[in-house]
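No value in this document is a laboratory result; all are computed from the given coordinates. Because the structure is a prediction, the values reported are computed rather than measured. Reconstructed Cβ throughout: ideal geometry from the backbone, glycine too, with neighbour counts over all protein chains shown.
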């Protein structure tokens, strides 16, 4: 593990900014999605299914090794933060479309995967930047920043959306998150060297033997989207209609987990082979 720079541990403000950035999108996705669906006339069944947006946080261990093996944690978290800013803007626009539930469900799902990936990068950076003593010292600061961000994202932004509009509320959320990105971009120390360039990741994923996992993951993502947007199921044939949408999601996720379980040992050996040589 890379030795932390002294300047990093002497300026713990970055713990506040990074863990605020971790908790903010979690609150927006996990808490705000329910309010968004209710406000736009979704059924109780659809509102209950918004809990599926939490699945990326459960399954993030599947792509965690890629975040660790390619580029740096700093680059990952800054890049994903900009993507989240764009996603929040799109979510505000989605609320103004003729089909706000379909558009909103799509953006919420993308944001969930981005936020889960962001968590991996932040937690990895925290472990790289601080020694064991400092990690124990700042755990309270870390937790406080995360909780404040959840309240801000799930409560403060919800109030703004209710008081003004969903578009304005999410534009303000995007502005807040962009300000946090600017702080992190300016102040986070470069504490590690990339193990592999990020450009190699795409080449790795499109190899034929790895496309199986990619396709299975895509099927699971489509299943989540189909559950939360009834229009996506409108064209299926009569026999397939006998299988409930949640069951398709379960089948897709089991497929992903089965493939990942089989491939996990080999994946780890290949990703970390260069570290042991």
> Taking 0.36 nm per intervening residue step and subtracting the Cα-Cα distance, what contour gain separates residue 135 from residue 13 on full extension?
Replying inline: 42.6 nm
> So how do 145-157, 105-117 stack up, highest first, on mean other-Cβ count within 10 Å?
Replying inline: 105-117, 145-157
>> What is the distance in Å between the Cα centroid of segment 128-170 and that of segment 75-120?
In response: 17 Å
>> Starting from 0.36 nm per residue, how many nanometres of slack lie between residue 86 and residue 58 once their C-alpha separation is accounted for?
In response: 7.7 nm
> Once you sort the root eigenvalues of the Cα gyration tensor of segment 6-194 as a ≥ b ≥ c, which label holds: rounded (a/c under 1.5), prolate (a/b larger than b/c) or oblate (the other case)?
Replying inline: prolate
> Highest mean first, what order results for 35-45, 71-81, 20-30 on Cβ atoms within 10 Å?
Replying inline: 20-30, 71-81, 35-45
> Peptides 47-53, 129-135: what's the order by average Cβ count within 10 Å, highest mean first?
Replying inline: 47-53, 129-135
> Rounded, prolate or oblate: which fits segment 41-116 when a ≥ b ≥ c are the square roots of the eigenvalues of the alpha-carbon gyration tensor, with rounded for a/c under 1.5 and prolate only if a/b beats b/c?
Replying inline: oblate
